[in-house]
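Novice: I have a structure I would like to understand better, so I am pasting it below and will then ask my questions one at a time.
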Amino acid sequence: MHVTHLSLADFRSYARVEVPLDPGVTAFVGPNGQGKTNLVEAVGYLATLGSHRVSSDAPLVRMGADRAIVRAAVVQGDRQQLVELELNPGKANRARINRSSQVRPRDVLGIVRTVLFAPEDLALVKGDPGERRRFLDELITARSPRMAGVRSDYDRVLKQRNTLLKTAALARRHGGRQMDLSTLDVWDQHLARAGAELLAQRLDLIAALGPLADKAYEQLAPGGGPLGLEYRGSAGAAMATATSREELYEVLLAALGEARRSEIERGVTLVGPHRDDLLLKLGQLPAKGYASHGESWSYALALRLASYELLRAEGNEPVLVLDDVFAELDARRRERLAELVAPGEQVLVTAAVDDDVPDVLAGARYAVSGGTVERADR
């Protein structure tokens, strides 16, 4: 799979830009702040419905504009598709496929698939659990786009359940009339059902990803492993013995029941996938707090390389995006990473100067400056 054309309107710094793309390597080169990352961010948005840089859509719309358009022509085998997203901060986004009538934004998931390497990836190792949950869930959705609906259902139920718990907690604190919380049983069932599906997908992903990540780390930092990926669930030890979605559902339901008193006191849901973490181990120790800066970088890169290998093995090779990564790496890791990604069907690279792009990544070059993107092959 590869993108053959990218079109942006009022996205970030671009009033309008058209960028034809070829298979193989394409590098966007120019000084910082000129819009290189904006281009690959747009490709990533089509793949995930989110940005790797910001948590909301508002910063993605050019100042003074009401909306932004991201459009891409995509080729997968003999099939060509045109996918378009309209970003409307504060309102519902819109989507089209092949200029057809409007579809749900999540219906475009799976048309473009990406694996993105960025300086922000260091947070996978050093950051809070939310970074690792996001990593897992975006990869789950890339593998199975229907999981976007499961994640949306889980978030909706969680929000409604938290609202009920918060209202009950406030009533207790202020001596008000005790609320009827019988509806919590219903919300528990809904949360456990969607949560069990999400948990099953996460656990399956970790089992598949672990060996690939260990292999990638050995390629980047020979002799430095082994790696270990261990899921830490808020539902407790019983989760480790669950072997099916139905058993995971029962475990979550029981854990919610046990936590109810504490949840009512605190006004928040304390059990579920939204409270879980992925423990990253380097040797026998957790990488967070023990790994050096270089080891942490290699670990984050290994997770991305493993993601790429997993998606490629499942039949739809993703676009590899390397956003200003090489400037962050020492010479050894830079060359090793470049050699590993160079065979990709499509590789998009951003760099401040040509020298930051390893020679093995020969291909198309675009000069990016002052809102213009011009072909400038070496």
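Novice: Please give the residues of the range 271-287, grouped as numeric ranges, whose backbone N is less than 15 Å from a label point set 7 Å along the Cα-to-Cβ vector of ALA313.
Specialist: The answer is none.
Novice: Here is a follow-up. Quick one: compute the contact order of the range 335-378, relative version, from alpha carbon pairs under 8 angstrom and 6+ residues apart, as a percent.
Specialist: 29
Novice: Could I ask something else about it? Mind listing the phi-derived Karplus ³J(HN,Hα) values for the range 29-45, rounded to whole Hz, using 6.51, -1.76 and 1.60 with θ = phi - 60°, and x for any glycine or proline?
Specialist: Result, rounded to whole Hz: 10, x, x, 4, x, 9, x, 4, 5, 4, 5, 6, 4, 5, 5, x, 5.
Novice: Another question, if that's okay. Provide the per-residue ³J(HN,Hα) series for the range 53-59, in order, calculated from phi with Karplus coefficients 6.51, -1.76, 1.60 and θ = phi - 60°, each as a whole number of Hz, with x at glycine and proline positions.
Specialist: 10, 9, 9, 10, 7, 3, x
Novice: In whole percent, what relative contact order does the range 171-232 give with Cα contacts below 8 Å and a gap of six or more residues?
Specialist: 21
Novice: What do you get for GluC sites (Glu not before Pro) in the range 243-339 restricted to DSSP loop and a cutoff of at most 14 other Cβ within 10 Å of the site's Cβ?
Specialist: Listed in order of number, the matching sites are GLU314.
Novice: Taking amide hydrogens as modeled 1.01 Å from N in the peptide plane, which residues meet the under 5 Å criterion relative to ASP276, leaving out close sequence neighbours?
Specialist: SER234
Novice: Here's another thing I want to ask about it. For the chain, what's the relative contact order in percent, using C-alpha pairs closer than 8 Å and at least 6 residues apart?
Specialist: 25
Novice: Please list the non-local residues whose amide H lies under 5 Å from the amide H of ASN93, H modeled 1.01 Å from N, same-chain partners needing a gap of 5 or more.
Specialist: Under 5 Å from the amide H of ASN93 lie the amide H atoms of ASN88, each far enough along the sequence or on another chain.
Novice: Let me ask something additional. Suppose we keep just the DSSP beta bridges with both residues in the chain; what percent of those would be antiparallel, to 5?
Specialist: 70
Novice: Lysine pairs, Cα distance under 25 Å, 8 or more residues apart or cross-chain: how many in the chain?
Specialist: Lysine pairs meeting the criterion: 6.
Novice: Using only the alpha-carbon atoms, how far is helix 183-220 inclined from the longest principal axis of the chain? Give it as 0 to 90 degrees, nearest 10.
Specialist: The two axes meet at around 40 degrees.
Novice: Heavy-atom accessible area per residue, the range 143-216, 1.4 Å probe: how many Å²?
Specialist: I get 53 Å² per residue for this part.
Novice: Under 5 Å between amide H atoms, partner at least 5 residues away or on a different chain: which partners does GLY24 have, H built in plane at 1.01 Å?
Specialist: GLN346, VAL347
Novice: Please give the contour-minus-distance gain from LEU181 to ASP359: 0.36 nm per residue of separation, less the Cα-Cα distance, rounded to one decimal in nm.
Specialist: Additional length available on full extension: 57.7 nm.
Novice: Now a separate question. Rounded to a whole number, what % of the accessible area of the chain do carbon and sulfur atoms account for, probe 1.4 Å?
Specialist: The nonpolar share, carbon plus sulfur, comes to 48 percent.
Novice: Using per-residue counts of other Cβ atoms within 10 Å, averaged over each peptide, order 210-216, 44-50, 319-325 from highest down.
Specialist: 319-325, 44-50, 210-216
Novice: Expressed as an acute angle from 0 to 90° and rounded to the nearest 10, what is the orientation of the C-alpha long axis of helix 293-313 relative to the principal long axis of the chain?
Specialist: Helix 293-313 and the main axis of the chain meet at about 90 degrees.
Novice: Per-residue HN-Hα couplings for the range 344-351, Karplus 6.51 cos²θ - 1.76 cosθ + 1.60 at θ = phi - 60°, whole Hz, x for Gly and Pro?
Specialist: Computed from phi, the couplings for the range 344-351 are x, 4, 9, 10, 10, 10, 10, 7 Hz.
Novice: Taking the alpha-carbon centroid of each part, what is the distance from the range 298-325 to the range 1-47 in angstrom?
Specialist: Taking the Cα centre of the range 1-47 as reference, the centre of the range 298-325 is 19 Å away.
Novice: Determine, from the Cβ-Cβ distance of THR243 and ASP214 and an R0 of 41 Å, the FRET efficiency 1/(1 + (r/R0)^6), rounded to the nearest 0.05.
Specialist: Efficiency, rounded to the nearest 0.05: 0.95.
Novice: So, one more: Post the alpha-carbon centroid distance, the range 61-81 to the range 347-378, in whole angstrom.
Specialist: Taking the Cα centre of each part, the range 61-81 and the range 347-378 sit 21 Å apart.
Novice: Could you please state, rounded to a whole Å, how far the C-alpha centre of the range 127-198 is from the C-alpha centre of the range 217-289?
Specialist: 16
The values are calculated or read from the model by the stated rules, or taken from the named source; none is laboratory data. Please read these numbers as outputs of a predicted model, since none were measured by experiment. Positions of Cβ are generated from backbone atoms using ideal geometry, with glycine treated the same way; all protein chains shown enter the neighbour counts. These area figures cover heavy atoms from the full protein model, side chains too; ligands, DNA and RNA do not enter into them. Shrake-Rupley method; radii C 1.70, N 1.55, O 1.52, S 1.80 Å.
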